[in-house]
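Encoded as structure tokens, the structure appears first; notes follow it.
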Amino acid sequence: MTATPCWVIDSQEPDPQVLAEAGRWLRAGKLVAFPTETVYGLGANARDADAVARIFQAKGRPASNPVIVHVASVAEARNLARDWPPQAEALAQTFWPGPLTLVVPKHPDVPAIITAGGGTVALRCPAHPVARGLVQAAGCPVAAPSANRSTELSPTRAEHVLKGLSGRIDLVLDGGQCPAGIESTVVDATTLPVRILRPGPISAAQLAAVVGNTQEFTESAAEAGPARSPGQMAKHYSPRTPVRLVEAIDFTDDVLEASEAGKRIGMVAIHGPQAMPTDPAAYAATLYARLHDLDAQGLDVILIEAPPRTPEWAAVWDRLTRAASPG
Ligand code: TXA
Ligand code: MG
């Protein structure tokens, strides 16, 4: 299959002509990957069920996993919802445009393939100038999951998108590294207290400041209630190389033993040489790029040193646990 074209675009002041052309491609039913403030998304016209079906094909995504729809404004989001609860309005007014996804009752016009047949739709208004400009230029809502093969690591650079999807999609807009580096916070806004379905850049404390208490998503809560987030299966966001989450990377034990056994080890440490940033947001911003790099080296194992167990690290912990999950 022919390689997917990749157009470089300025992340701060994207060329309007490039956005207009990419917007036409989307309207015409093509698949366009683009940077957002979280990770790269794989976009399709959300009003075109056939185009959305090609997203599922390109990613190898199970039809049971619904996709997020990206909009340019709160008004556009309301048009895709059957009901727009006050908590959705309050959160959208506070955090949009930004890395927050709101799950609300779906409008009948939203194609069933987007919601995996369910009664709710996930909506997000992205802040990244390229994502925002593209959704505006397309003139239609844009369905976009992360631009990776299903269960693999999300892409935070155009080269990550091409590694997984070149030849399977129509276009990549290369706007460089995504600033937040992990996926948006997903909140079920159909209930009060709202429920955090996926922790992310907008923290539980930030949400609580707007809508009062939040409920953490847990497996037991999922068993008790209905709408769990279908994408939150354990094996997700995983490198191909086996990942081990360790309390502390002990250079005299873990590393030396493994290297004496002839094993090639990659490390994601918070202490020692080439350590990750100790601020959780900065750590998240570089995590996937580090894992993509290590994954490309054909290592035997990637050791990840456990970060602090404090609320600011919740989103990072979620991704690390999944990366290390055997499946
Ligand atoms: O930051 C992000 O959210 C990125 C960028 C591209 O916007 N997108 C992203 O999409 O991470 P995806 O498809 O990889 O993850 C979306 C998550 C999945 O866990 C999915 O199951 C969940 O949102 N989701 C989508 N629609 C839902 C719905 N109606 N109800 C509950 N969960 C939903
Ligand atoms: Mg994803």
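The values are calculated or read from the model by the stated rules, or taken from the named source; none is laboratory data. Everything numeric in this text was worked out from a predicted model, so none of it was measured. Please note: Cβ atoms are built from the backbone with ideal geometry, for glycine as well, and neighbour counts cover all protein chains shown. These area figures cover heavy atoms from the full protein model, side chains too; ligands, DNA and RNA do not enter into them. Shrake-Rupley method; radii C 1.70, N 1.55, O 1.52, S 1.80 Å.
Quick notes
- Set Gln17, Gln93, Gln12: member being within 16 Å of Val187 (Cβ to Cβ) and either out of contact with any strand residue (DSSP E or B) (no Cβ under 6 Å at 6 or more places or on another chain) or open to solvent by less than 20 Å² (accessible area, probe 1.4 Å) (or both): Gln93
- Residue pairs whose Cβ atoms lie under 8 Å apart, sitting 6 or more positions apart in sequence or on different chains, and linking a residue in region 41-69 that is farther than 11 Å from Ser150 by Cβ to a partner that is part of a strand (DSSP E or B) and of a type in the set (D, E, K, R), are Ile68/Arg124; Val69/Arg124.
- Looking across region 189-219, the residues that are at pLDDT 95 or above and of a type in the set (Gly, Ala, Ser) come down to Ala189, Gly200, Ser203, Ala204, Ala205, Ala208, Ala209.
- Only residues that are among the hydroxyl-bearing types (Ser, Thr, Tyr) and buried (at least 20 other Cβ atoms within 10 Å of the Cβ) were counted across region 292-327, and they come to 0.
- Only one of the numbered conditions (1) modelled with pLDDT under 75; (2) within 25 Å of the chain's Cα centre (by Cα); (3) exposed (fewer than 15 other Cβ atoms within 10 Å of the Cβ) is violated by Phe251, and that is (2).
- Helices (runs of 4 or more DSSP H) wholly inside region 103-217 that include at least 1 residues being closer than 16 Å to Tyr288 by Cβ, within 14 Å of ligand 1 (Cβ to nearest atom) and open to solvent by less than 30 Å² (accessible area, probe 1.4 Å): 158-165
- Cross-chain or 6+ apart pairs with Cβ under 6 Å, region 171-185 first and among the aliphatic types (A, V, I, L, M), then part of a loop (DSSP other than H, G, I, E, B): Leu171/Pro5; Val172/Thr4; Leu173/Ile9; Ala180/Glu37; Ala180/Thr38; Ala180/Pro99; Ala180/Pro201
- Any chance Asp279 is open to solvent by 40 Å² or more (accessible area, probe 1.4 Å), charged (D, E, K, R), within 21 Å of His160 (Cβ to Cβ) and modelled with pLDDT of 95 or more: no
- Leading residue by the ranking (surrounded by the fewest Cβ atoms within 10 Å (Cβ to Cβ)) among those in region 74-90 that are out of contact with any strand residue (DSSP E or B) (no Cβ under 8 Å at 6 or more places or on another chain) and among the small types (Gly, Ala, Ser): Ala75
- Hits in region 259-276 - residues which are surrounded by fewer than 16 Cβ atoms within 10 Å (Cβ to Cβ) and either closer than 21 Å to Pro35 by Cα or of a type in the set (A, V, I, L, M) (or both): Ala261, Ala275
- Taken together, the residues in region 87-140 that are within 16 Å of ligand 2 (Cβ to nearest atom), in contact with a Ser or Thr (Cβ under 9 Å, 6 or more places away or on another chain) and of a type in the set (Val, Ile, Thr) amount to 2.
- Meets criteria (exposed (fewer than 15 other Cβ atoms within 10 Å of the Cβ) and of a type in the set (Ser, Thr, Tyr)) for Ser64: yes
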